[in-house]
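Written below as structure tokens is the structure these notes are about.
Read-outs throughout are calculated quantities, based only on the coordinates presented, and are distinct from any laboratory measurement. Because the structure is predicted, anything quoted here is derived from the model rather than measured. So basically every Cβ, Gly included, is an ideal-geometry build from the backbone, and we count neighbours across all protein chains shown.
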Amino acid sequence: MSVDVFEWDYPDPHLLKMQVAPEDIDGLSHTNNAVYVDWCQKAAWAHSVALGLDLARYRELDRAMVITHSEFDYLQASREGDEVLIGTWIVAWDKRLTMRRCFQVIRPVDGITLLRAMMRFVCIELSSGRPRRLPQAFIDGYGAAVLGREHH
């Protein structure tokens, strides 16, 4: 099934495909909520790497984008063996210090949205842990992926 047939919240998501493993299941026989958090972090990181901003580049620049706030809306359950698609978008940023990323998890077999999430990130200097302005490499890399204003 083509990714275009799903009702994504925004156009052209960066996608990560996962499958619910036996160890993802909790005592209620569905995917544990912490697994969704992990999937979203993995999708965000995969998108960052695809934009040329991997851990080596972060270290070289002495900068990193770190999560300062997150919200998760769990809409439907998934179960062992389910395949899921995690879509992510950078939906806003101030071009100086912060950005906001949204996520949507869809189960392709029925097109149901299982989760929507949002994370806010701030740029820090790795060596000090203090907030710092986005370096030009972040502006160039992440900036190209920020959704246009018509999607806000």
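Here are some notes:
- Close amide H partners of Leu114, meaning residues 5 or more places away or on another chain with modelled amide H under 5 Å apart, are Val105, Ile106, Arg107.
- Cβ charges +1 (Lys, Arg) and -1 (Asp, Glu), total dipole of segment 16-151, debye: 760
- Residue-count net charge about Trp45 - beta-carbon cut-off 12 Å; Lys, Arg +1, Asp, Glu -1: 0
- Normalised contact order of segment 16-151, rounded percent, pairs of Cα under 8 Å and 6 or more residues apart: 28
- Pairwise label distance in nanometres, His69 with Tyr10, each label 7 Å out on the Cα-Cβ vector: 1.6
- Set against the labelled values (i) 16.1, 47; (ii) 15.2, 46; (iii) 14.8, 43, Rg and Dmax of the Cα atoms in Å computed from this structure falls on (i).
- Net charge of neighbours whose Cβ lies under 9 Å from the Cβ of Thr113, counting Lys and Arg as +1 and Asp and Glu as -1: 0
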